[in-house]
Amino acid sequence: MHAEDMAAAATPTTAIDEQCNIDPSPLLGDGQNSGYDPPPSPSWRHPISSTRTFFVDLSSTFGPKFLSWLAIEQCLIYGGVFALVNALGLPLFKELGVNASRQQLYMALIWSPWSMKPFIGVFSDLFPIGGYNKRYIAVYSIIIGLIGCCILLGVYHSSGDPAESAKEEGSTEAHLFVNIVVLCFTLVSFEASTLDILGEGKYSELMRIHPETGSSIISFKFGWGLLGSMITTAFVGPLSDAGYWHVLFWMALVLSVAPLYPTLAGWIPEEKRSAREESGMTKLCCNDCLLFDKGSFQEKKVPFIIITLCGLCAPLTSAITTYANLAIGLIFSGVFILLLTVATYYIFPKSFFRIFLALVIFSLDWISMGSALGYYYTASEECVPGGPNFDYTYYISISGIVGSVVNFLGVILYQSTLSTWKFRTVLIFTTLLGSLASVADLIIIMRWNIAIGIPDRVFFLFGNAILERLIGIMWGVASSAIVAKIAPPGMESAVFAYTVGVSNYCSMVSQLIGSGMIQWSGMKTIGNDCNFEALPYLLVFGQILLPLCVGIPACFLIPNVLQTEHLIDWDKEAWYEGRPTEELGVSEHDVQESNEQTNDPQLETHLIESERDKSPVTE
């Protein structure tokens, strides 16, 4: 799957640090504070001690229960059930006779819930259910995902081939069958995206308090997601080749329900809210079962409205392009992106806008040819004579497992090396290599690897499965850390969701542009009379030249700061009214106690964290 797309240097000081009069220089390890000897950073030379230190530091900051919930969500939902339906997009739609252009439209619709994150984030911030901002929204999303899996199981029963039966009954029945599958996949995607943004909102809140954690939590998240993806994709290829769709959907059902108990048990750390204790809270129904944070909404009404509209526009765009007219949908999406950009310029601080603009450009500068490449690599000998002719076991499972292992190593490599680089340097480096990595696909399509005696399966593994994914995951960690670090206090979930949602929306638009390019180029991807002549030209333009010419200049909109520093000083911007320290998990007693300890040059954030661990934030 594509990596999630993600400027003046900001002062690296948090609100809590200012209240505690803490000098941030020791925390950043710049070595300028006399008498302070910064602790050695984890190194690959000592993997056991480094791994232990990594998890101990994470647990002290984010709490063991939340880390466990995040691991379950990433491994079994994002890397499990969502990776399963994502991998099934190619074999299942090919089985149903859907061409590459149409398949890419369907996949954009299936991924549209990830662009709904702004709406989900705003709802989470403003409408606590049962007194909790996240717990019961997560529960309802799990139920929605289960409904999608149950419908799929009802359609794909163990006897017979329902897809073939639908095609035999005529085009109307086949089209209806495809729409049912798309709807169910979208429901599963909604569960994954909702749980993902709720977790992101929580750890971005904690990252803002503790910027010295850098990208550690992002690496933790990616690692568990990749582990789940590696296990899941191992089954998809062989079972797809065998046509055992119902077995895969039984797996999806089991995986979907996995986070239910940890969520109900309160492993997402949050304090229960009540209309009786908060003056700005309005009760919408009895017994606090649904509340409305009217005070927060009135304080930042315009941003909340813009963020909500952004989240609702993604499914509308997908519906227009998929079921009405692609050109009209692209025009609509272009106007909408322009309006969002203008609104962001006037509503948010200029430092936020520059980073936001860079994320928009990053998401639009990669025109995906993914569906066309998938159809080319798995085309039959009749369709592409002398082509790669990969089966699903190799293309999905073997290359997927290798790619997941490489991605996992990429996360470790990033954490041990690139995490000490500045944001701008990492983005330029990974954008450059990522664009050049697409040359591997071009070489296979042009058959140059055969000319020099390298088999397709070998060259594909070293090119697509290893190089492209290695660069992609490192770019993804950096961009995810940027998004997490620009969320303002009091609106973490909403603004994080807004930034991620706009990035995902722009990525979805680039998918739609790619679908249009495939369609308008006259490419034929199904049947025995295929035509992939336009594919190398589209690949060079959309995945090589465009990122180099547009993406690298956009990197200079990102502040040239270390990943342990703040990207935006929200106190200096004075854009918001700060939340009480108790709501962030630090009491006034903690602040006073920390003030008394500021004469100690060895002071570290663990002194604050040891007290904060007693608060509801980490319970």
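From the list Asn407, Asn449, the one residue that fits, being at pLDDT below 90 and in a helix (DSSP H, G or I), is Asn407. Which of the following residues is under 20 Å from Val139 (Cβ atoms), buried (at least 16 other Cβ atoms within 10 Å of the Cβ), modelled with pLDDT of 80 or more and polar (S, T, N, Q): Thr263, Thr321? Only one candidate qualifies: Thr263.
Of the residues making up the range 501-515, none is at pLDDT below 85 and either more than 17 Å from Leu364 (Cα to Cα) or in a loop (DSSP other than H, G, I, E, B) (or both). Residues that are in a helix (DSSP H, G or I) and in contact with a strand residue (DSSP E or B) (Cβ under 9 Å, 6 or more places away or on another chain) were ranked within the range 410-446; the one that is nearest to Leu373 (Cα to Cα) is Phe423. Listed by first and then second residue, the pairs with beta-carbon distance under 6 Å, at least 6 apart or on different chains, first residue in the range 205-218 and over 15 Å from Asp569 (Cα atoms), second at pLDDT 70 or above and aromatic (Phe, Trp, Tyr), are Leu206/Phe62; Ile217/Tyr203.
Within the range 113-136, how many residues are under 26 Å from Asn179 (Cα atoms) and of a type outside the set (Phe, Trp, Tyr)?
Of the residues in that region, 6 qualify.
Of all residue pairs spaced 6 or more apart or on separate chains, those with beta-carbon atoms under 6 Å, a first member in the range 76-87 that is under 17 Å from Val182 (Cβ atoms) and a second member that is surrounded by fewer than 24 Cβ atoms within 10 Å (Cβ to Cβ) and not hydrophobic (A, V, I, L, M, F, W, C) are Ala87/Thr233. Need the failing condition index for Ile355 against (1) modelled with pLDDT of 90 or more; (2) of a type in the set (Val, Ile, Thr); (3) surrounded by fewer than 20 Cβ atoms within 10 Å (Cβ to Cβ), just the number. All conditions are met except number (3). Those helices (runs of 4 or more DSSP H) of the range 66-149 in which at least 3 residues are closer than 28 Å to Leu227 by Cβ and among the polar types (S, T, N, Q), considering only elements entirely within it, cover 100-115. Just one of the listed residues (Ile197, Ile209, Ile218) is buried (at least 21 other Cβ atoms within 10 Å of the Cβ), of a type in the set (A, V, I, L, M, F, W, C), in contact with a Lys or Arg (Cβ under 9 Å, 6 or more places away or on another chain) and within 27 Å of Val405 (Cα to Cα), namely Ile197. Among the residues in the range 232-252, are any modelled with pLDDT of 90 or more, assigned to a helix (DSSP H, G or I) and under 29 Å from Tyr132 (Cβ atoms)? Yes, there is a match, as at least one residue in the range 232-252 is modelled with pLDDT of 90 or more, assigned to a helix (DSSP H, G or I) and under 29 Å from Tyr132 (Cβ atoms). If you take the residues of the range 177-211 that are of a type in the set (S, T, N, Q) and in contact with a helix residue (DSSP H, G or I) (Cβ under 8 Å, 6 or more places away or on another chain), which of them is nearest to Tyr140 (Cα to Cα)? Top of the filtered list is Thr194. Within the range 442-483, being closer than 18 Å to Cys555 by Cβ, touching a Ser or Thr at 6+ places or on another chain (Cβ under 8 Å) and aliphatic (A, V, I, L, M) holds for Ile471, Met474, Val477, Ala478, Ala481, Val483. Criterion applied to Leu239, Leu284, Leu291, Leu255 was being in contact with a strand residue (DSSP E or B) (Cβ under 6 Å, 6 or more places away or on another chain) and crowded, with 17+ Cβ neighbours inside 10 Å, and the one residue passing it is Leu291.
State which residue is nearest to Val254 (Cα to Cα) when the search covers only the range 130-148 and only residues that are touching an Asp or Glu at 6+ places or on another chain (Cβ under 9 Å) and of a type in the set (A, V, I, L, M, F, W, C). Only one residue fits best here, namely Leu146.
For the subset of the range 72-98 comprising residues that are among the small types (Gly, Ala, Ser) and out of contact with any Gly (no Cβ under 6 Å at 6 or more places or on another chain), which member is modelled with the lowest pLDDT? My answer is Gly97. Checked against the criterion of being more than 30 Å from Asn449 (Cα to Cα) and within 26 Å of the chain's Cα centre (by Cα), the candidates Leu309, Leu373, Leu291 yield just one match: Leu309.
Can you confirm whether the range 127-138 contains a residue that is polar (S, T, N, Q), over 29 Å from Ser510 (Cα atoms) and at pLDDT below 85? Working first, answer last.
Step one: of the range 127-138, the residues polar (S, T, N, Q) are 133.
Within this subset, residues satisfying the condition of being over 29 Å from Ser510 (Cα atoms) are 133.
Remaining after also requiring at pLDDT below 85: none.
So far as the range 127-138 goes, no, none of its residues is polar (S, T, N, Q), over 29 Å from Ser510 (Cα atoms) and at pLDDT below 85.
So in the range 68-87, with the set limited to residues that are small (Gly, Ala, Ser) and either surrounded by 24 or more Cβ atoms within 10 Å (Cβ to Cβ) or more than 15 Å from the chain's Cα centre (by Cα) (or both), which one is farthest from Pro269 (Cα to Cα)? It comes out as Ala87.
The values are calculated or read from the model by the stated rules, or taken from the named source; none is laboratory data. Just so we're clear, the structure is a prediction, and the values are computed from it rather than from any experiment. Don't worry about glycine lacking a Cβ; one is built from the backbone with ideal geometry, like all the others, and counts go over all protein chains shown.
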